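Readers should treat all values here as calculations from the given coordinates under stated rules, not as data from a laboratory. What you are looking at is a predicted structure, and each value in this text was computed from that prediction instead of being measured. A quick note on method: Cβ atoms are made from the backbone with ideal geometry, for glycine too, and the neighbour counts reach across all protein chains shown.
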Amino acid sequence: MKLISRGLTVVLFILMIGLALAVFSSKASGGEPQIFGYQLKTVLSGSMEPGIMTGSVIAVKLGGDMTRFEKGDVITFWMDEYDLATHRITGKSESGGQTIYRTKGDNNEWEDAAPVSAENIVAQYTGFTVPYAGYISQFSRTKEGGALTAILPGIFLLIYSISAIWQAILKIEEKQKQKPLKDLAE
């Protein structure tokens, strides 16, 4: 029982630290959470299913030489000035001194209509995916979700603290009950 309690404490602590880092990073950068050069992105379409499901959160590695990618790599890039996509590279070529990639979503029948310039690549997909966590992430960006995200961990910690205090009180009372019996035996 102690092992389970300690394990739960460690998990809750790590979760709270992780959430605090993600929120702080998100607020500081004004965008997506970023930790140690990795950024978390929410997948909004099914173009890469079944490998990356709609509603998943993926980790992408920012920066570096954007001409380094090869056929088969999965990249995140600007499709236009507002929309990001994460698709697989199907080809690479040079044109006018620029590196150009052809891309395709794994679940799409055809390649993307527009080629992707190395300048439009934001990051490379790392292979880390948390299915359906994007739905929670999207909800937490709403007013109600933000309030719930801030309040819920506190409620869980409060309940856990009350439980831990209650167990400690019960142990103390049990020891006090056993002590007089022990004194009488002597």
Taking θ as phi - 60°, what are the ³J(HN,Hα) couplings along the range 51-60 by the Karplus curve (6.51, -1.76, 1.60), each to the nearest whole Hz, with x for Gly and Pro?
x, 10, 7, 4, x, 7, 10, 10, 9, 10
To the nearest Å, what is the center-to-center distance of the range 31-96 and the range 112-133, using C-alpha atoms only?
1 Å
Exactly which chymotrypsin sites (Phe, Trp or Tyr not before Pro) in the range 90-143 are in a DSSP loop and have at most 10 other Cβ atoms within 10 Å?
TRP110
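Can you count the Lys pairs in the range 33-140 with C-alpha separation below 14 Å, eight or more apart or on different chains? Don't skip to the end; give the middle numbers.
Values: LYS41/LYS61; LYS71/LYS92; LYS71/LYS104; LYS92/LYS104.
Lysine pair count for the range 33-140: 4.
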Between LYS71 and TYR135, what's the calculated FRET efficiency when r is the beta-carbon distance and R0 is 45 Å? Round to 0.05.
0.90
Semi-axes a, b, c in Å (a largest) for the range 33-140, each sqrt of 5 times a Cα gyration tensor eigenvalue, come to 23, 16, 11
